[in-house]
Amino acid sequence: MAAVHGDVHGHEHDEHHPSGMMRWITTTNHKDIGSMYLWFSFAMFMVGGTLAMGIRAELFQPGIQILEPELFNQFTTLHGLIMVFGAIMPAFVGFANWQVPMMIGAPDMAFARMNNWSFWLLPVAATLLISSFFVPGGAAAGGWTFYPPLSTQGGLGVDLMIFSVHILGASSIMGSINIITTILNMRAPGMTLMKMPMFVWTWLITAYLLVLVMPVLAGVVTMLLTDRHFGTSFFNAAGGGDPVMFQHIFWFFGHPEVYIMILPAFGIVSEIIPTFSRKPLFGYSSMVYATASIAILSCVVWAHHMFTAGMPTVGQLFFMYATMLIAVPTGVKVFNWTATMWRGSMTFETPMLFAIGFIFLFVVGGFSGVICAIVPIDIQVQDTYYVIAHFHYVLVSGALFALFAGVYYWLPKWTGRMYNETLGKAHFWLSMIFFNVTFFVQHFLGLAGMPRRIPDYNIQFADFNMVSSIGAFGFGLTQLLFFYIVINCIRSGEKASQKQWDGATTLEWTHLPTPAPYHSFEKPPIIK
Amino acid sequence: MVENKAATNALMLKKLLIFTVMMFLFGYALVPFYEKFCEVTGINNLLQPDKQSKEIQVDKSRWITIEFDANIQGLPWEFKSMQSSARIHPGEPVTVMYEITNMSDREISAQAIPSYSPRFLDKYLKKFECFCFTKQVLKPKETKQMPVQFVIEPSLPAELQTMTISYTFFELPANSSVIKK
């Protein structure tokens, strides 16, 4: 496929934008904004990771050594909130900013100015959230799901968290409106919906989920705010409200939210597996339908998070079966990835290693998810480390590994330089080993009954906790290696070729030079 | 062509913004929906009186004991039941009087929230009248007596012999409009 350097003239625009700090504050360029999203989420990943190190240091031995219980609870709460809303979600939006316009042959996002806004809301929200550690009473400490009555009773920290969630919600809604409009209206001629790369498809569906449930989250935190300060009693039993209703509304948002964090990961993996297997994606259309079915099903399973909150048996059965049904489209995806690799000419560069690691560990997390879906078992493992292990398998070795895979995969295109392959592989293997050391043992802890969000534990849990903490410290340190690899790549990596991966088929590799010019596809490419 | 694109994008933006606002309102609509759902299915039915039915037969073959408990949570009232327990046959209508007194010098409104032991007693408990269905307002130093009328259905499991009905009064913020009815 001959490269069409349709826009090598693009660099002449580079002169127009302001330099220095103002370039980043005023930029409306999707690549600049994408980079800022990615750096922001990396910074948040470090903050959330530091909190995780604090949690694991406290849990290294039984007894209270480092963190007082109140502070420990603030750490677990903020670790969850920062990782979900500050690290994972913005990172995927960063990928969407960089990749969606290039993959569909659009010059930029549909609403470039709004794009700038939706990014710059994030540092504001993050500042509110992190500064809540330093207000009287400390940060929110009722868990990242901020259930009342704890969240209606907490201090100023809870208010800061509520405002922060409002701003983060506004940012993701703006981001997803932008992504939907870009994908639906800005595709190059000939790029029909069913020709779009899988990553674009998964983001289209994710963006719809975001505009569907983010406003509901905004609503529920507003109710919390008015309960706290304006005398309403949505969740206050004394005023005729119902705290269990909070859980229903929260999880109506919360369950689609977990798919918001995993569907773009599916998309990234669906780009990488075919490239390094040198075969087209197996069952493309079934992948599209599977993604859509997961998204639809995710809206009717929320109460499986609250089997112990009190619910008629009929309700438990419905939510149990609906939840287990999600395993079907997810299974379709896993089989399609495996079938794509089957008899392919596979090579194992770092992106592929992370993608295969993703499939392997995500399936482990998927299985423990099906186990948690079974009501009698869930009643046993509710709020134990089994649940912690389950969702870290899907969010760390799922979403985060896919993000690493995507960074290694597209870094040559973004920077024009190659990362150090040996170090990249070391990053993968160290992450893989330390991740499992950290989280696999937590299954056993949970089955043995160790509760989550408690800074101390019975002596019988001591050995596995020490193992888990050692793994966590190793995993944390390994991520500094990732930072070094990326910096090293940007500064002094070898020059990458236009089509660095010979199995790549999407537009950014076939139609654009490396590094991708500041303005790409000003004249849309023709797709046959 | 370019302006055309901007116009279609703007239209899309408008649609998606309207959708977002609708979903925000939907979040609020879930509140009455939740209450209606609980009312229709009979889950969590705290503020609605049950319908009186003539068909409830009195089961003379056994006796049960109902204990009445009264609590206050952070408000300057006194709250007590005029009798501490009742020994009855299942299916027999019962009326119990409770008394509240405002010990303070200000007008206070409060709401009583019921609680049962064992928890599943609410399946067999039919309440026709209760002070807990509405908020109670007491002037300074005022005392009021209020009835609770109920029936325990004879389908109550035989192994249950003693059960407790408990009420706790919570203070409502001044001019609170939350408690319906």
With the dipole of the protein assembly as shown worked out from charges on the C-beta (+1 for Lys and Arg, -1 for Asp and Glu) around the Cα centre, which of A:M44, A:T192, A:A355 lies farthest toward the positive end?
A:T192
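How large is the Kirkwood hydrodynamic radius of the range A:317-449, counting all unique pairs of alpha carbons, in Å?
Computed over Cα pairs of the range A:317-449, the Kirkwood hydrodynamic radius comes out at 16.2 Å.
Just how large is the dipole of the range A:260-384 about the Cα centre, in debye to the nearest 20, putting +1 at every Lys and Arg Cβ and -1 at every Asp and Glu Cβ?
For this selection, approximately 420 debye.
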Expressed in angstrom and rounded, the centroid-to-centroid distance over alpha carbons for the range A:248-283 and the range A:177-211 is 14 Å
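Give the shape of the range A:203-321 as rounded, prolate or oblate, defined through the alpha-carbon gyration tensor: a ≥ b ≥ c are the square roots of its eigenvalues, a/c under 1.5 means rounded, and otherwise the shape is prolate if a/b is larger than b/c and oblate if not. Provide the component values of the computation, followed by the final result.
Working: a/c = 4.04, a/b = 2.12, b/c = 1.91.
The shape class here is prolate.
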Expressed in nm to one decimal, what extension gain is obtained for the pair A:T347 and A:I64 from 0.36 nm per residue of sequence separation less their Cα-Cα distance?
97.1 nm
Would you kindly compute the Cα radius of gyration of the protein assembly as shown and its largest Cα-Cα separation (Dmax), both in Å?
29.2, 97
Using only Cα atoms, locate the centre of the range A:106-156 and the centre of the range A:465-528, then give the distance between them in Å, rounded to an integer.
28 Å
Loop only per DSSP, at most 14 neighbouring Cβ atoms within 10 Å: give me the GluC sites (Glu not before Pro) in the range A:488-526, ordered by residue number.
A:E494, A:E522
For the range B:1-43, how big is the tail of P(r) above 14 Å, as a whole percent of Cα pairs?
65 percent
Take the Cα radius of gyration of the range A:444-502 and divide it by 2.2 N^0.38 Å, with N its residue count; two decimals is plenty.
1.95
Once the piece of chain linking A:I379 and A:A448 is laid out straight, how much longer is it, given 0.36 nm per residue of separation minus the C-alpha distance between them?
23.5 nm
Along the dipole axis of the protein assembly as shown (charges at Cβ: +1 for Lys and Arg, -1 for Asp and Glu; origin at the Cα centre), the most positive-end residue among B:S85, A:V124, A:V407 is A:V407
Can you compute the FRET efficiency between A:W117 and B:T8 using 1/(1 + (r/R0)^6), with r the Cβ-Cβ distance and R0 = 35 Å? Round to the nearest 0.05.
0.95
Run the quick spin-label model on B:M103 and A:D502: label points 7 Å from Cα toward the beta carbon, then report their separation in nm to one decimal.
8.8 nm
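With respect to the cross-link table entries A:K499/A:K523; A:K333/A:K499; A:K523/B:K5, which display a Cα-Cα separation exceeding 23 Å?
Values: A:K499/A:K523 20 Å; A:K333/A:K499 27 Å; A:K523/B:K5 14 Å.
A:K333/A:K499, as the Cα separations exceed 23 Å there.
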Provide the gained length on full extension for the span A:T145 to A:I371, in nm with one decimal, where the gain is 0.36 nm per separating residue minus the Cα-Cα distance.
79.2 nm
Please find the FRET efficiency linking A:A339 to A:K523, where r is the Cβ-Cβ separation and R0 is fixed at 25 Å, and quote it to the nearest 0.05.
0.10
The correct pair for the range B:51-171, radius of gyration to one decimal and Dmax as a whole number, both in Å and from Cα atoms, is 15.4, 50
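Please identify every one of the chymotrypsin sites (Phe, Trp or Tyr not before Pro) in the range B:109-167 that sits in a loop by DSSP and has no more than 15 other beta carbons within 10 Å of its own beta carbon. Before the final figure, lay out the partial values.
Working: sites: B:Y116, B:F120, B:Y124, B:F128, B:F131, B:F133, B:F150, B:Y167; in loops: B:Y124.
For chymotrypsin sites (Phe, Trp or Tyr not before Pro) across the range B:109-167 that sit outside H, G, I, E and B with at most 15 neighbouring Cβ atoms in 10 Å, the list is empty.
Mind running the shape call on the range B:1-125? Use the C-alpha gyration tensor, a ≥ b ≥ c as the square roots of the eigenvalues: rounded below 1.5 for a/c, prolate if a/b tops b/c, oblate otherwise.
oblate
In debye, nearest 20: dipole of the range B:51-171 around its Cα centre with unit charges on the Cβ of K, R (+) and D, E (-)?
Working: 15 positive and 15 negative charges, 44 e Å.
Dipole size: approximately 200 debye.
Using the crude model of +1 on Lys and Arg Cβ and -1 on Asp and Glu Cβ, and no other charge, please compute the dipole size for chain A relative to its Cα centre, in debye to 20. It would help to have the intermediate numbers written out before the result.
Numbers: 21 positive and 24 negative charges, 230 e Å.
My answer is approximately 1100 debye.
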In terms of the Cα gyration tensor, with a ≥ b ≥ c the square roots of its eigenvalues, is the range A:117-197 rounded because a/c is under 1.5, prolate because a/b exceeds b/c, or oblate?
prolate
Between the range B:33-84 and the range A:53-99, what is the C-alpha centre distance in whole Å?
44 Å
Just from its helices, what would the mean residue ellipticity at 222 nm be for the protein assembly as shown, if runs of 4 or more DSSP H residues each count -39500 (n - 2.57) and the sum is divided by every residue, rounded to the nearest 500 deg cm²/dmol?
-18500 deg cm²/dmol
If we count other beta carbons within 10 Å of each Cβ, what is the order of A:L400, A:L184, fewest first?
A:L184, A:L400
Selected from A:S497, B:M22, A:I485, residue furthest toward positive end of dipole (the protein assembly as shown; charges at beta carbon):
A:S497
Residues of type aspartates and glutamates that B:K127 reaches as a straight line, Cα spacing below 12 Å, ignoring anything fewer than 8 places off in the same chain:
B:D50, B:E153
Residues of the range B:68-95 with backbone N under 17 Å of the label point set 7 Å from the Cα of B:Q149 along Cα→Cβ are B:91-95
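If I require 27 Å or longer along the helix axis, counting alpha carbons, and a Kyte-Doolittle average no lower than -0.5, what helices from chain A are left? Use full DSSP H segments.
Numbers: long enough: A:30-58 (42 Å, 0.60); A:112-131 (30 Å, 0.84); A:156-185 (44 Å, 1.47); A:198-229 (45 Å, 1.54); A:243-277 (50 Å, 1.06); A:350-373 (33 Å, 2.12); A:421-447 (39 Å, 0.89); A:462-492 (45 Å, 1.15).
Those that pass (Cα extent of 27 Å or more, hydropathy at least -0.5) are A:30-58, A:112-131, A:156-185, A:198-229, A:243-277, A:350-373, A:421-447, A:462-492.
The numbers here are math on the coordinates, done by the rules we state, and not lab data. Quick caveat, the model's predicted, so the values are computed rather than measured. With ideal geometry, Cβ positions are generated from the backbone for all residues, glycine too; neighbour counts draw on all protein chains shown.
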